[in-house]
Amino acid sequence: MKKGSLLLLCGVISATAMSQTTEDAKRSIYYERYATAKEQLQNIVKTDPANAEGWYLLSKAYIMSKDAAPLKQLLAQSPAAVKEEPFYQVAYGSYLLSAGNKDSARYYFDEALDKKGQKNPDLLAAVANAHIATKAGDASYAVQLLDKAIERDKKDAALYTLLGDAHRKLGNGSEAYKVYSAGLDKNEKYAAGLYRMGKIFVSQKNPEMYLKYFNQALAADSNYAPVLYDLYYHYYFTEPQKAMQYFKQFVAKSDPDKDNDVLYTDLLYLNKEYQAAISNAQQLLGKNNGDSMPRLYKLMAYSYIGMKDTSSAMTNMNLFFAKEADSNEVAKDYELMADLYAAAAKPDSAAAYYVKTAEMVKEPKDKFPYYKKLSDLYKDLKDYRNQAKYLGLYYTDNAKATNIDLFNWGIANYKAEDYVQADTVFGTYIQKYPDQAFGYYWRARINSSMDSTMEKGAAIPWYKQLITMIENDPTNKTNKKWLIESYGYLAAYETNQIKDYKSATENLKKILAIDPENKDAQQYIAILEKKLSADNNNSPTGSNK
């Protein structure tokens, strides 16, 4: 009797231990500690290869971690006897569905559910989960299965949460909200349900609501790592110190992951712990092949910028570009290099990188700031042709461009001696701003440059229009200057081209009316009056121009 009792007790203890281990694995999956779950479940199926649920949970852990490839080899190690068990068939069907073999997966799922599985909410939920978790899964079918499961077990909050996930996969947020709410009515402290409620509002970009549910989930279960990650991610962009607090909790309550070391280094940078960020990055590069983690060079570059060490920043950015795949480079990377070269007084190199930045930016409106930077750089280089090119790109189709930008575009073309384009730009200026004198003045200047001998009189119409606009306000400093120039140009044209000395004298006298001390006007008036007097004396009629 004692021996039999002892053997019976050992069997009970062994079964209890195995049951607890399976429950531990379920908890690990619930907390998204998939690496831990995989280790636990591999031990289970190794010790008890006939444990069909263990095989199913193993497949679930791999699929939920988006790492289903090893399942083919793992499931092949199972004994023949377990392969007829419904949970094993769900495990194999889940693997097939993850591989995109829908028809084969459906066969195994149907086999599992035909064996009284329709009455087992756990089996129904297992098949539904495979359809929700895999890309090839049918979320509508998952809804049907979960509706049946809930009919069998109306009190399990996890079933409602899974049903809400199915509706979310279908893009039906309002139905998901209703189902999650129904689950929370069954268990208001179910952290996964509260977390999923928050995720609905993340997709709606409603931080007030998602933070409400995330904080409720954390209050319900402080070990629920997924919500800690989302809280870290939310504060990452606004409150780096708070993000660091949540991130440390997340790391403590989730499986080790080398990516977490990189994320922690990012947070050190965001919290302006630049030297610590650099040291951490260097340690990670030392532990791992540096070529496999090129973004750390970029992170160090930004940290060096924070420390105002632009030379070291440039060195690390060059390492980043040397080691990172082109497909992983973004416009901001080129912009950073451009800024570094600009700070190092290497405008040619800076310009080359701003050009690459603009080329990488997809949205036309996002290119405008780089066109502006390029125009400023080329202005400093006195490369007016390129300045004009990028001012033109900046102005064209830019809703935020102003009359000043249009004006500067015209001036850059003028300085580049592209007079035809400059005239066109100021023609546009006059059309858009007909009450402003700038357009008329610069069309006069540009046409005088194109017609340097005054042979065509191309500038005359524009000087005359300018005079009409500003002659009533000669006390204005700019107006005075432009009027003197305009009257002087008209006088020169009348003297040299059409020999109308009388009109020329009148225009020069208009200069003296606003600038009595103007020596040039005085001198030319005297010359012209002598010329007129001489011509009158020599004329048979006694009159001349």
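The values are calculated or read from the model by the stated rules, or taken from the named source; none is laboratory data. Because the structure is predicted, anything quoted here is derived from the model rather than measured. Cβ coordinates were reconstructed from backbone atoms using ideal geometry, including for glycine residues, and neighbour counts include every protein chain displayed. SASA here: full protein model, heavy atoms, side chains in, ligands and nucleic acids out. Shrake-Rupley method; radii C 1.70, N 1.55, O 1.52, S 1.80 Å.
The table below gives the values:
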quantity: Conditions (1) open to solvent by 50 Å² or more (accessible area, probe 1.4 Å); (2) under 41 Å from the mean Cα position of the chain (by Cα); (3) not basic (Lys, Arg): number failed by Ala128; calculated: (1)
quantity: One residue from Ala504, Ala521, Ala458, Ala534 being touching an Asp or Glu at 6+ places or on another chain (Cβ under 6 Å) and either farther than 30 Å from Val425 by Cβ or β-branched (Val, Ile, Thr) (or both); calculated: Ala504
quantity: Condition check for Tyr108: of a type in the set (Ser, Thr, Tyr), open to solvent by 20 Å² or more (accessible area, probe 1.4 Å) and in a helix (DSSP H, G or I); calculated: yes
quantity: Qualifying position, being in a helix (DSSP H, G or I) and either among the acidic types (Asp, Glu) or under 11 Å from Ala136 (Cβ atoms) (or both), among Leu74, Leu96; calculated: Leu96
quantity: Candidate set from the range 189-215 (those that are touching a helix residue (DSSP H, G or I) at 6+ places or on another chain (Cβ under 6 Å) and among the charged types (D, E, K, R)); member that is least open to solvent (accessible area, probe 1.4 Å); calculated: Arg196
quantity: Residue satisfying condition, being farther than 21 Å from Tyr190 by Cα and either among the polar types (S, T, N, Q) or buried (at least 21 other Cβ atoms within 10 Å of the Cβ) (or both), within set Leu113, Leu159; calculated: Leu113
quantity: Candidate set: the range 385-430, residues that are within 26 Å of Asp451 (Cα to Cα) and part of a loop (DSSP other than H, G, I, E, B); chosen: the one least open to solvent (accessible area, probe 1.4 Å); calculated: Ala416
quantity: Members of the range 20-41 that are closer than 16 Å to Pro70 by Cα and either at pLDDT below 95 or open to solvent by 70 Å² or more (accessible area, probe 1.4 Å) (or both); calculated: Glu39
quantity: Conditions (1) modelled with pLDDT under 95; (2) open to solvent by 30 Å² or more (accessible area, probe 1.4 Å); (3) not charged (D, E, K, R): number failed by Thr495; calculated: (1)
quantity: Test set (1) under 17 Å from the mean Cα position of the chain (by Cα); (2) in a helix (DSSP H, G or I) - Lys362 fails condition number; calculated: (2)
quantity: Test result for Ala225, of a type in the set (A, V, I, L, M, F, W, C) and more than 26 Å from the chain's Cα centre (by Cα); calculated: yes
quantity: Complete set of residues in the range 170-191 that are part of a helix (DSSP H, G or I), under 20 Å from Asn206 (Cα atoms), without any contact (Cβ under 8 Å) to a residue 24 or more places away in the chain and of a type outside the set (Val, Ile, Thr); calculated: Ser174, Glu175, Tyr177, Lys178, Tyr180, Ser181
quantity: Residues that are buried (at least 16 other Cβ atoms within 10 Å of the Cβ) and within 54 Å of the chain's Cα centre (by Cα), drawn from the range 444-456; calculated: Ala444, Arg445, Ile446, Asn447, Ser448, Asp451
quantity: Flag if Ala526 is open to solvent by less than 40 Å² (accessible area, probe 1.4 Å) and either more than 24 Å from Asp418 (Cβ to Cβ) or not hydroxyl-bearing (Ser, Thr, Tyr) (or both); calculated: no
quantity: Every residue from the range 492-539 that is within 60 Å of the chain's Cα centre (by Cα) and either part of a helix (DSSP H, G or I) or farther than 28 Å from Thr475 by Cα (or both); calculated: Ala492, Tyr493, Ile511, Ile514
quantity: Only listed residue being assigned to a loop (DSSP other than H, G, I, E, B), under 17 Å from Ile278 (Cα atoms) and not small (Gly, Ala, Ser), chosen from Lys382, Lys308; calculated: Lys308
quantity: Pick from the range 49-71, criterion part of a helix (DSSP H, G or I) and small (Gly, Ala, Ser), ranking: nearest to the chain's Cα centre (by Cα); calculated: Ala61
quantity: Residue match in the range 351-361 (condition: surrounded by fewer than 22 Cβ atoms within 10 Å (Cβ to Cβ), charged (D, E, K, R) and over 16 Å from Asp339 (Cβ atoms)); calculated: yes
quantity: Selection status of Lys464, under 60 Å from the mean Cα position of the chain (by Cα), free of Cβ contacts under 8 Å to residues at least 12 places away in the same chain and either buried (at least 20 other Cβ atoms within 10 Å of the Cβ) or within 22 Å of Arg443 (Cα to Cα) (or both); calculated: no
quantity: Hits in the range 428-450 - residues which are over 10 Å from Gln465 (Cβ atoms) and touching a residue at least 40 places away in the same chain (Cβ under 8 Å); calculated: Ser448
quantity: Lone unmet requirement of (1) at pLDDT 95 or above; (2) under 28 Å from Gly171 (Cα atoms); (3) part of a helix (DSSP H, G or I) for Gln89; calculated: (2)
quantity: Checking Gln118 against (1) surrounded by fewer than 24 Cβ atoms within 10 Å (Cβ to Cβ); (2) modelled with pLDDT of 95 or more, the condition it does not meet; calculated: (2)
quantity: Residues within the range 498-523 that are open to solvent by 30 Å² or more (accessible area, probe 1.4 Å) and among the hydrophobic types (A, V, I, L, M, F, W, C), tallied; calculated: 4
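For (1) surrounded by 24 or more Cβ atoms within 10 Å (Cβ to Cβ); (2) over 20 Å from Gly54 (Cβ atoms), each residue gets a yes or a no:
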residue: Lys72; (1), (2): no, no
residue: Tyr88; (1), (2): yes, no
residue: Gly93; (1), (2): yes, no
residue: Tyr141; (1), (2): no, yes
